[in-house]
Each structure stands twice: as C-alpha cells, then as structure tokens.
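Everything below concerns the one structure shown next.
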C-alpha cells in the first residue's frame, strides 16, 4: 500500500534586491496538491438490510380447543385407563364429564384375588380370580340414558372378558365367584338416579392379561373397555 504523505510544504524564496540603497524581501508560500492514489481514501459503507422474520404462525383457536378424539378399539368400544372416568349423557348439549348422567371407572385390578366370603371357593384349575374395584355415579336425569326402567345395571352380567389370545371367555363370572366376597365389599347390582356406588366384582380369567369391557346397553351398542 502506497504511503500518502499529507502536509504543507512551505517554500520560502528570499529574494534580495539591491538598489538605491534599499532591499525588499518577498515571501512566497506554496501548497502542493496531494499525490494521486490508485486506492480511494473514502471507505464505502455497505448497508445491509436484515431479513424480516415472519411472525410465528398461531394455531387457530378452534383447532386448539377441539377435544381429542376418543380411542376406539376394534370391538367398537371406547378404551379407558385405570382411574379414568367412562361417562355418557342423554343430552347432546352436555359435552363434558361434569354434565354426565352416568359415569364409572375402574380403580383397581387384583389378579388371583383372595376371597373373604364365608362360602367362597377356589377357581377351576388353570384359571385365576380377577377382582375389579369399581366406582359409579349418576345424575337425577339417569333415565335419559336408559332404554327402559329407572336404574343402570352394574352387575357382572353386562361385562365381557377377552383373554390374552383375543378369545371371548364364555362365562367370565361362573358359580365359583358367588360368595367370594363379603356382601359389604361387593358392588351393588344396580344404580338409581342421583346415586353413588362402589365395590368389587369378581371374574374368572384363563390368562393373566386381557381386556374387560362393559356394555350396559348390550353388545354392539357402545360401551367401554379396560386392559388388565
């Protein structure tokens, strides 16, 4: 890079003139122009315009507030987890569990449950007692979800058991389950309007794992199921 020397060079020319017994001094100051340069002394500032960041896309309120679709099994029943309420309402305007006319949940499974009743017996060889703890509640408008009558049947008759191989157990509550529990521990066989019930049902299963379903309106008319 060539070095540019900037400054003022002063040249003083002193001219002495003699004549007539007097002298005159003339001072001349010269400022040379800057030497030409192949590089520009001015720096070009390139202005970079930042790219605009598009605002984040917000999900529509309608999509965010839509309830999740229920998980339906191949049997057409809504799949539920332990302690999760299964519920129904007789009025289409009632869309939350707080508006349910009937709701129930399974709170515990006990495989190889020990009977406590005075007239209990043992399950058949190669099978297991399965204890199921259930809680159910109803509203004063329970009749809105019933095909007839005024009570919902909560007995073992409306429960179906599928074994680990996918086979339906023909009789999930045989005679050996009768008297297995004290009456105070058993789930009441039915629930009326504005009532709460809880207790145990006992089934017999040929496998340690499977699916238990409850269809109070009969098979093919909806209901719920739980894996154990």
- Task: Mind jotting down the distance between the C-alpha centroids of the range 66-145 and the range 157-214, whole Å?
- Result: 10
- Query: How high is the FRET efficiency from residue 72 to residue 209, r the C-beta distance, R0 25 Å, rounded to 0.05?
  - Reply: 0.75
- Query: When 104, 113 are ordered from fewest to most other Cβ atoms inside 10 Å of their Cβ, what list results?
  - Reply: 113, 104
- Query: Between residue 189 and residue 155, what length in nm is gained on full extension when 0.36 nm per residue of separation is reduced by their alpha carbon distance?
  - Reply: 11.8 nm
- Among 118, 101, what is the fewest-to-most ranking by other Cβ atoms within 10 Å? 118, 101
- May I ask you to order 144-150, 179-185 by the average number of other C-beta atoms within 10 Å around their residues, highest value first? 179-185, 144-150
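The numbers here are math on the coordinates, done by the rules we state, and not lab data. Keep in mind that this is a model prediction, so the values were computed, not measured. Quick reminder, even Gly has a Cβ in these numbers, built from the backbone with ideal geometry, and neighbours come from all protein chains shown.
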